[in-house]
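Participant: Submitted below is the structure of interest, expressed as structure tokens.
The values are calculated or read from the model by the stated rules, or taken from the named source; none is laboratory data. Predicted model, so just to flag it, every value in this text is computed and none were measured. Cβ atoms come from the backbone with ideal geometry, glycine included; neighbour counts cover every protein chain shown. Side chains are part of the model used for accessible areas, which takes the heavy atoms of the whole protein and leaves out ligands, DNA and RNA. Shrake-Rupley method; radii C 1.70, N 1.55, O 1.52, S 1.80 Å.
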Number of protein chains: 2
Amino acid sequence: MLKKERQAYIIQQINIHNKVLSSDLCVQLAISEDTVRRDLQELAEEGKLIKVHGGALAKSFHFTIESKQVYSLPEKKIIAHKAIDLIKDGMLVVISGGTTMRELVNMLPPDLNATFVTTNVPIALELLEHPNAEVIFFGNKLLKSAQMAVGAEVVQRFGQIKADLCLLGTNSIDLNFGITDLEWEIIEVKKAMIACAQKTVSLAISEKLNSTQRLQVCALDQVDVLITELAPSDEKLLPYAKRGLAIL
Amino acid sequence: MLKKERQAYIIQQINIHNKVLSSDLCVQLAISEDTVRRDLQELAEEGKLIKVHGGALAKSFHFTIESKQVYSLPEKKIIAHKAIDLIKDGMLVVISGGTTMRELVNMLPPDLNATFVTTNVPIALELLEHPNAEVIFFGNKLLKSAQMAVGAEVVQRFGQIKADLCLLGTNSIDLNFGITDLEWEIIEVKKAMIACAQKTVSLAISEKLNSTQRLQVCALDQVDVLITELAPSDEKLLPYAKRGLAIL
DNA sequence: AAATTATTTGCGTGATTATGCGGGAACGCA
DNA sequence: TGCGTTCCCGCATAATCACGCAAATAATTT
């Protein structure tokens, strides 16, 4: 095997998985670890990847780590972290949009082997960066304001799956009106997402508690878990706990 | 054996295997390694292949190795600019992926009122930035390497539309093999995109002319327009013009 | 046809490159 | 802190390359 060929293979692997392990490569390519390391070093010098202990990372990966943290609020990180524990290997997870979700996807453990279904373009892009996640995008007409696919086609396709978990980024949640949103087309899709999942989790920073929008996505009793950045014992959450929601 | 004959054989081998080893060639052709090396060097100077230690690689290898870097941006901008003139108000445009396409979408005039259909996530995201474009995303399982949706669902949905224009980012285009690509799932989608459009336009920087990959997307006669950064009178384009392609 | 010239080819030599191995240093994790 | 892994460095080996030169071949001239 030619050297350039090997390096092309490494680049390919990097582009797909966003990372490579030296140990893996030397098995796959049937060469010594030393040669792998030399290849990685060369490619790193050419700026094609970033060499780290044990292997190498895609350049884009590095950027996302460094830049995305800038506008991610610490609260959202806390929420995302709590939610990640709910995702187990082999699950089929329906996931909506929003910056909290972006953060969550970013923080997914690299060895997680789950399938994600979304209709949100930035989330899909972020999910594609994950080495092991399988990503399904239910597409159709895209709604500019929410950067997500909407419409009957999408709703219908959610009707054809049975998901384990629905992670719902939540704009507004209220004791009486449940989860609400702004646009008709969005709530249609969110309804479908909730309906197809066994368990629905609402992710909301505490500011969004007890606020309402015009249109109802679902009543409170359709939500199983509520995740905020607050401690479960916080008094703001007590009324929700009384309604039967698990609080994290 | 004549020199030209040998070199033709080498080119042939390169086209089939995407690489050759000097050591193999000198056995197959029954000549000394020195001669092989001289031949490879000549062919490399003519730009027919890339010489590396131990043999030579097809030009297409160069692309995969450079892939993540947005190289030859100025050329891509020229190409994108030429292609934009083909898009008129009210059109339904099918658009594939690639950095050239990203550039094109970026350069779209803000007052353009067209509908775009794509299966590529970054392109969709870029299109969403446009104030007037309507964006349709045909989704399904997403392919990590190409960041696009693939599979029967997608193909089927292209079968349900009649587009005015298909803008095809092209990896490799060749007089005999037409447009080719790397992955089975990708060519299936591209085929569907071409089939549903009245007019197919191939966007390719001149480096990609006369290179091939393993799988054929379509023959040359299914392409209506070829756009490169070269002047239409350039001699590299003449054979394509003779095959009936409009050159921009 | 013969001679001359130009081109191509093969070989030898020494230089360059690629690769693997061993030992010690550095790292990461518990 | 200690242990296993990974890394870095120097070296040895083998493969590949580049250069000059001479023989062989092809092309051109006389």
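Participant: Determine whether B:PRO122 is out of contact with any His (no Cβ under 8 Å at 6 or more places or on another chain) and either within 13 Å of another protein chain (Cβ to nearest Cβ) or farther than 22 Å from A:ILE16 by Cβ (or both).
Facilitator: Yes: the conditions hold for B:PRO122.
Participant: Moving on to the next point. Give segment B:9-41 a look and list any residue that's in a helix (DSSP H, G or I), open to solvent by 60 Å² or more (accessible area, probe 1.4 Å) and without any contact (Cβ under 8 Å) to a residue 60 or more places away in the chain, or say none.
Facilitator: Scanning segment B:9-41 gives B:TYR9, B:GLN12, B:ILE16, B:HIS17, B:ASP24, B:VAL27, B:GLN28, B:GLU33, B:ASP34, B:ARG37, B:ARG38, B:GLN41.
Participant: Report whether or not A:VAL117 is within 19 Å of B:LYS141 (Cβ to Cβ), more than 10 Å from chain B (Cβ to nearest Cβ), within 12 Å of the chain's Cα centre (by Cα) and open to solvent by less than 10 Å² (accessible area, probe 1.4 Å).
Facilitator: For A:VAL117, the condition - within 19 Å of B:LYS141 (Cβ to Cβ), more than 10 Å from chain B (Cβ to nearest Cβ), within 12 Å of the chain's Cα centre (by Cα) and open to solvent by less than 10 Å² (accessible area, probe 1.4 Å) - is not met.
Participant: Residues A:LYS51, A:LYS76, A:LYS19: which one is modelled with pLDDT under 90 and within 16 Å of DNA strand D (Cβ to nearest atom)?
Facilitator: Result of the check over A:LYS51, A:LYS76, A:LYS19: A:LYS19.
Participant: For B:ILE136, only one of the following conditions fails: (1) surrounded by fewer than 18 Cβ atoms within 10 Å (Cβ to Cβ); (2) at the interface with another protein chain (Cβ under 9 Å from one of its Cβ atoms); (3) β-branched (Val, Ile, Thr). What is its number?
Facilitator: (1)
Results for (1) in a loop (DSSP other than H, G, I, E, B); (2) in contact with a helix residue (DSSP H, G or I) (Cβ under 8 Å, 6 or more places away or on another chain); (3) touching a residue at least 40 places away in the same chain (Cβ under 8 Å); (4) in the same structural domain as A:ILE87 (by TED's automatic domain parsing), shown as yes or no for each residue.
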residue	(1), (2), (3), (4)
A:LEU127	no, yes, no, yes
A:HIS130	yes, yes, yes, yes
A:VAL135	no, yes, no, yes
A:VAL155	no, yes, no, yes
A:LEU168	no, yes, yes, yes
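Participant: Return the total of residues in segment A:145-188 being open to solvent by 60 Å² or more (accessible area, probe 1.4 Å) and at positive phi.
Facilitator: 0
Participant: Here's a follow-up. Select from segment A:226-243 the residues that are in contact (Cβ under 8 Å) with a residue 60 or more places away in the chain and in contact with a strand residue (DSSP E or B) (Cβ under 6 Å, 6 or more places away or on another chain) and list them in ascending order.
Facilitator: Once the filter is applied, which keeps residues that are in contact (Cβ under 8 Å) with a residue 60 or more places away in the chain and in contact with a strand residue (DSSP E or B) (Cβ under 6 Å, 6 or more places away or on another chain), segment A:226-243 yields A:ILE227, A:TYR240.
Participant: Taking segment A:42-55 on its own, how many of its residues are in a strand (DSSP E or B) and either facing chain B (nearest Cβ under 9 Å) or open to solvent by 60 Å² or more (accessible area, probe 1.4 Å) (or both)?
Facilitator: The qualifying residues number 1.
Participant: Another question, if that's okay. Regarding B:ILE79, is this residue buried (at least 18 other Cβ atoms within 10 Å of the Cβ) and within 20 Å of the chain's Cα centre (by Cα)?
Facilitator: Against the criterion (buried (at least 18 other Cβ atoms within 10 Å of the Cβ) and within 20 Å of the chain's Cα centre (by Cα)), B:ILE79 qualifies.
Participant: Being over 21 Å from B:MET91 (Cβ atoms), at pLDDT 95 or above and not polar (S, T, N, Q), is that true of even one residue in segment B:163-171?
Facilitator: no
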